1. Provide a single number: the residues in segment 94-145 that are in contact with a Lys or Arg (Cβ under 6 Å, 6 or more places away or on another chain) and among the aliphatic types (A, V, I, L, M).
2. Tell me whether segment 70-87 contains one or more residues that are touching a residue at least 12 places away in the same chain (Cβ under 8 Å), of a type in the set (Lys, Arg), within 30 Å of Glu29 (Cα to Cα) and surrounded by 11 or more Cβ atoms within 10 Å (Cβ to Cβ).
3. Take Gly118 and decide whether it is assigned by TED's automatic domain parsing to the domain that holds Tyr26, loosely packed, with under 11 Cβ neighbours inside 10 Å and without any contact (Cβ under 8 Å) to a residue 12 or more places away in the chain.
4. Take Pro98 and tell me if it is touching a Leu at 6+ places or on another chain (Cβ under 9 Å), surrounded by 10 or more Cβ atoms within 10 Å (Cβ to Cβ) and closer than 24 Å to Glu42 by Cβ.
5. Taking segment 22-48, which residues are within 12 Å of Val94 (Cβ to Cβ) and out of contact with any strand residue (DSSP E or B) (no Cβ under 8 Å at 6 or more places or on another chain)?
Amino acid sequence: MKTIFFALFLLFTGWSTSSFATLADYHFESEERSEEFRELTEELRCMVCQNQSLAGSDAELAQDLRREVYNMIKQGQTKDDVIEFMVSRYGDFVLYEPPLKPSTYPLWFGPFFILAIGGLLLGRTLMKKKRSREVELTDADQEKLAKLLNTSENQDS
């Protein structure tokens, strides 16, 4: 039973067992550098898969980029140096959390803008329906309604 829960946990959290195997192939002199490598490969997006990190992707480009990140860390470059290199080469899209600047405003605010437009359209539609229901009855319609109500009351009694 615990195995099933663990498998479901991995499935729903987006972890993949393949990412553990691919990252295990890279060895560092310190645990700190190894952790830095793991964090970087989780923060950087695979440009082929686009919805997976470098750590979780098996695409050839992701493998090449993992090797590039590994070599840069082995050479002593910092996490910021690696991120700067990747952004200069692939743009802000390579980051799962791109910085807030004019070129990334659509990424950050686009969903809220679309949600607001949807809310306005929904509100407008509901208001139209509400107005269309509030039609006043003419005198002739009121007489017909009264007759219908009187005949239904007489039948119920």
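1. So the answer is 1.
2. Yes, segment 70-87 contains a residue that is touching a residue at least 12 places away in the same chain (Cβ under 8 Å), of a type in the set (Lys, Arg), within 30 Å of Glu29 (Cα to Cα) and surrounded by 11 or more Cβ atoms within 10 Å (Cβ to Cβ).
3. Criteria not met by Gly118.
4. Yes: the conditions hold for Pro98.
5. Leu40, Met47, Val48
The values are calculated or read from the model by the stated rules, or taken from the named source; none is laboratory data. Model, not experiment: these values are computed from the prediction. Counting neighbours? That spans all protein chains shown, and the Cβs are built from the backbone with ideal geometry, glycine included.
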